[in-house]
Amino acid sequence: YSKALDRLIKEDAERAAKDVKLLLLGAGESGKSTIVKQMRIIHQHGYTKEEFEQYRPVVYSNTIQSLGAIIRAMNMLNIQFASVEREADAQRVLEVIQRMKDTEPFNSELLSSMERLWADAGVQQCFLRSNEYQLNDSAQYFLDQLYRIGSPDFLPNEQDILRTRVKTTTIV
């Protein structure tokens with residue numbers, strides 16, 4: 001019995017010795033979680049269809065939250081919309097965020113508002129000054145792809161997953 005137990009302990013120790021443990025330290029939003037996602041894609045065959053689907057609400061949220069941050073910064077930086085009609089579009093976006101519906105698919109009215117806002121010269125001017133306020137570094141990536149993200153059959157791809165931002169508060 002003792003020899004069998006010794007053999008199991010030795011086998012377990014050999015298996016554990018092959019495990020690689022990595023401690024990633026860094027400031028907030030410095031890319032620690034992105035490294036973990038990249039390692040998974042490269043070394044663990046990526047994500048399943050179900051996992052891609054689970055990232056859909058995160059992409060929706062990151063996209064509309066980024067646009068909301070720009071809209072709020074416009075007020076702070078005293079930047080006007082190029083077209084006054086964008087005020088109603090901005091209100092629609094901010095209402096969705098306020099009602100905490102930011103993880104839901106964009107309906108056609110909201111998507112149109114978001115596309116018009118992103119094309120607005122005032123919004124673009126504010127975006128160019130994003131060093132003066134906090135904005136996800138993936139904002140342009142997602143906002144440039146509103147049409148794809150807003151399509152009814154949208155499924156995130158690996159690049160979308162790598163660019164999503166979720167506040168990490170756990171050990172991965």
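Count neighbours as other Cβ atoms within 10 Å of each site's Cβ, and list the GluC sites (Glu not before Pro) in the range 64-172 that are DSSP loop with at most 13 such neighbours. Mind dumping the intermediate values first?
Values: sites: E85, E87, E95, E109, E115, E132, E158; in loops: E85.
Passing both the DSSP loop test and the Cβ count: E85.
Say we join alpha carbon atoms closer than 10 Å with springs in a Gaussian network model of the chain; which of V20, V36, V93 then has the biggest fluctuation?
The residue with the greatest mean-square fluctuation here is V20.
Which part of the range 71-113 falls in the paramagnetic zone of D153, meaning amide N under 19 Å from the point 7 Å along Cα-to-beta-carbon?
Answer for this model: 105-108.
Between I9 and K49, what is 0.36 nm times their sequence separation minus the Cα-Cα distance? Round to one decimal in nm.
Working: separation 40, 0.36 × 40 = 14.40 nm, distance 3.77 nm.
Length gained between I9 and K49: 10.6 nm.
Which residue, K37, K18, K49, has the most motion in a Gaussian network model of the chain that connects Cα atoms within less than 10 Å?
K18
Going 7 Å from the Cα of N78 along its beta-carbon direction, which residues of the range 113-139 have the amide nitrogen within less than 16 Å of the resulting point?
126
If contacts are Cα pairs under 8 angstrom and at least 6 residues apart, what is the relative contact order of the chain in percent?
On the way: 145 pairs, mean separation 53.3, N = 172.
Answer for the chain is 31 percent.
Relative to the longest principal axis of the C-alpha atoms of the chain, give the angle of the C-alpha long axis of helix 32-43, reported between 0 and 90° and rounded to the nearest 10°.
With rounding to tens, the tilt is 60 degrees.
Can you count the Lys pairs in the chain with C-alpha separation below 15 Å, eight or more apart or on different chains? Before the final figure, lay out each step's value.
Details: K10/K18; K21/K32; K32/K167; K37/K167.
Lysine pairs meeting both conditions in the chain amount to 4.
Choose one answer from P152, P57, P105: the residue with the largest mean-square fluctuation in a GNM of the chain with alpha-carbon springs under 10 Å.
Its mean-square fluctuation being the largest, the pick is P152.
Return the whole-Å distance between the Cα centroid of the range 1-27 and the Cα centroid of the range 34-71.
What the calculation gives is 32 Å, centre to centre.
Can you tell me how much longer the chain between S112 and Q38 gets when fully stretched, taken as 0.36 nm per residue apart minus their C-alpha distance, in nm with one decimal? List each step's numbers first, then the result.
Details: separation 74, 0.36 × 74 = 26.64 nm, distance 3.29 nm.
The S112-Q38 span can extend by a further 23.4 nm.
Bear in mind these aren't lab numbers, they're just calculated from the coordinates by the rules spelled out. Only a predicted model underlies this, so the values are computations on that prediction, with no experimental measurement involved. Reconstructed Cβ throughout: ideal geometry from the backbone, glycine too, with neighbour counts over all protein chains shown.
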